[in-house]
1. Taking the Cα centre of the range 43-256 as origin, work out the dipole magnitude from +1 charges on Lys and Arg Cβ and -1 charges on Asp and Glu Cβ, in debye rounded to 20.
2. Label residue 58 and residue 359 with points 7 Å out from Cα along Cα→Cβ: what is the distance between them in nm?
3. Work out, in µm²/s and without decimals, the Stokes-Einstein translational diffusion coefficient of the chain at 10 °C, 1.306 mPa s, Rh from Kirkwood over C-alpha pairs.
4. Could you tell me how many degrees, from 0 to 90 and to the nearest 10, lie between the Cα long axis of helix 218-229 and the main elongation axis, the longest principal axis, of the Cα atoms of the chain?
5. Using the Kirkwood radius over Cα pairs, work out the Stokes-Einstein diffusion coefficient for the range 282-363 at 25 °C and 0.890 mPa s, in µm²/s as a whole number.
6. Which distance in nm do the two modelled labels at residue 154 and residue 431 give, with both placed 7 Å along the Cα-to-Cβ direction?
7. Can you figure out the FRET efficiency of residue 352 with residue 245, using R₀ = 41 Å and their beta-carbon distance, to the nearest 0.05?
8. Residue separation times 0.36 nm, minus the C-alpha to C-alpha distance between residue 67 and residue 445: what's the value?
Amino acid sequence: MVLNLTYVNGKKYRVVYRLILVERFIIKGGRTLSGRVSISGAKNSALKLMAASLLSGSETTIRNVPMIEDVYTMVEVLKTMGVKVSIDTTGKTLKIHPGSIKSQEAPYEMVRKMRASVLVTGPLLARFGRARVAIPGGCNIGSRGIDLHLKGFEVLGAKYGIEHGYINCSTENKMGHGRLKGADINLDFPSRGATENLMMAAALAHGRTTITNAAREPEIADLAGFLNRMGACISGAGTDTITIEGVETLHGAEYEVMPDSIEAGTFIAAASICGNGVIIENAVRHNLEVFYLKLKEIGVNIDAANENTIRVDRPEADYRPINVSTLPYPGFPTDLQPVITVLLTLVQGVSIVTENVFENRFMYVDELNRMGANIKIEGHHAVVKGVRKLSGAPVRAFDLRAGAAVVLAGLAAEGTTEVSDIYHIQRGYENFDLKLKGLGADISMTG
């Protein structure tokens, strides 16, 4: 079960329980996609802005929020701490009132549903000097430890311990709960989550904090922009060195979430597989540069009409096999690895896809092979030998991005594909089936 929220005039809401484990997508393949699709706000930004709102005691308004399950879950995480949240689903706007917070604990019942909820730790620790957060769950794509987060908190002067499935952090000293102190933090790996958590914690620390080998994803810069709008003093976000000058307090702010680059890449991939004349709006080309260039290398007829609009047309020549290796941004994004692999299954010749970020990212391959793909896994490499066609079959969505991949495979396949466990997809894609249907796909949801 997951929680769905229904709001009346953006003020009052009730919780609705839906049995989504039995919901499936039924896809009849072979349709050519065409038309326009608009990309929603970025999941990986909106969730962090929601967490960052805890740093202030006054109201924050966040616009262009995707109405997805992970956002609903984060709303519930905040509410369990006493935070007042209202949402306008039509206007895709959240109003968060953190002045009413009563607890610094995020319980297992909520946190287990998604990993991003661990990001309330930094704001709670910075503002209240303590945080108790359940060890997070999320997609089953491999080990994503939080040790870098905790080591960074320790460098900033916090103490932490893990017991009974909870992380307990505090700045407690002989005088009571003290304040975090600015420090130099060097990350062993450019972890996006650790960079975000430490950046939020350092925003209220005493003195200057420098994070080196920081993650460089566009969502990092979006979070920094939001924090600066709240009164923080952060520079260098989007580079590998971020400097945070701690301030005494932060205030509420209004902010608009950036477009979702991974959703944009997913629809670009769908258009590349079975589309002609597909226009993707609110797709920031700069944030998709490596993915964009790889599609060009394959032979996809893709063109950026402007910085925020991308068009994909059917090419006259055959696609070409390529090699792809995932890396932290600005390298090829691991979240788009499954969808480009679907495209490569239909490209004649042999392509090699190398996964360098998550060890279990290839769990979806068996599902594609059941549909007629020819993919062999060798360590962290996938050897993809192109086939002429895919065939519809019952498949599962093992995680968020794998779920998108099998849907795209179903769009290209002959016959009918039934995708189960689609709650993974609903965690991160807003109205995925409706947007595809708007492009001409034959896709429906059934319970």
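1. Values: 24 positive and 22 negative charges, 77 e Å.
So the magnitude is around 380 debye.
2. Each label point lies 7 Å from its Cα, and together they span 4.8 nm.
3. On the way: Rh = 22.4 Å.
Result for D is 71 µm²/s.
4. 30
5. On the way: Rh = 13.4 Å.
Answer from the Stokes-Einstein relation: 182 µm²/s.
6. 4.8
7. Details: r = 45 Å, r/R0 = 1.10.
Efficiency, from the Cβ-Cβ distance: 0.35.
8. On the way: separation 378, 0.36 × 378 = 136.08 nm, distance 1.74 nm.
Taking residue 67 through residue 445 to full extension adds about 134.3 nm, to one decimal.
Since every read-out is calculated from the coordinates, none of them should be taken as a lab result. Only a predicted model underlies this, so the values are computations on that prediction, with no experimental measurement involved. Neighbour counts run over all protein chains shown; Cβ positions are idealised from the backbone, glycine included.
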